[in-house]
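Okay, so here's the structure we're looking at.
What follows is calculated from the coordinates using simple rules that are stated; it is not laboratory data. Bear in mind that the values here come from a model prediction, so they are computed numbers and not experimental data. For neighbour counting, all protein chains shown are included, and Cβ atoms are generated from backbone atoms with ideal geometry for every residue, glycine included.
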Amino acid sequence: MGESKNEVQIIISYYEKIDDTLSWKYAFSNYKDLENFSRVLYLYFNGLDHLIEKFKISLNSGSKIRFFKVSRLIINHFKKSKNLANNHKLSQLFIDNIEDCEGLDTKTIAKRLSRTDRKREAQTKHKQKMSYSNNYN
């Protein structure tokens, strides 16, 4: 198959930035899992779902929050150029391929993949409000 090594490499590069010290090893126990999951995302983003082979990877302990943050960044990166409207299908992809997602429903996974950092948003709004009120007092 002539998959775009460039797109797979873009996905890998996002996961490599998950931690300044450990890089991809923060979430993935081996590079093969990182490559396989990146390829799964590539196939999904390019409408090649029928080529996805199910396998299970296990995330390293304590890495799920950062893993989902980085996954959201990847999805947002590709959302601009790909048709990613089916959240249920994307959520099922995570459930099928990541052991740590077993037992979670697709709504929960979709929430984790689409959630914004609410605390950061609240802090930004507060700063803007304070800045605005300081300008007019």
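Pick out, from 29, 10, 52, the residue whose Cα sits farthest towards the positive end of the charge dipole of the stretch 1-71, with +1 on the Cβ of Lys and Arg and -1 on the Cβ of Asp and Glu.
The one lying farthest along the dipole's positive direction is 29.
At q = 0.15, 0.17, 0.30, 0.31 Å⁻¹, what is the base-10 log of I(q)/I(0) for the stretch 1-50 according to the Debye formula with one equal point scatterer per Cα and no solvent? Please give it to two decimals.
Calculated log10 I(q)/I(0) at the listed q: -0.39, -0.49, -1.13, -1.17.
How much net charge surrounds residue 28 when only the other residues with a Cβ under 14 Å from the Cβ of residue 28 are counted, with Lys and Arg +1 and Asp and Glu -1?
+1
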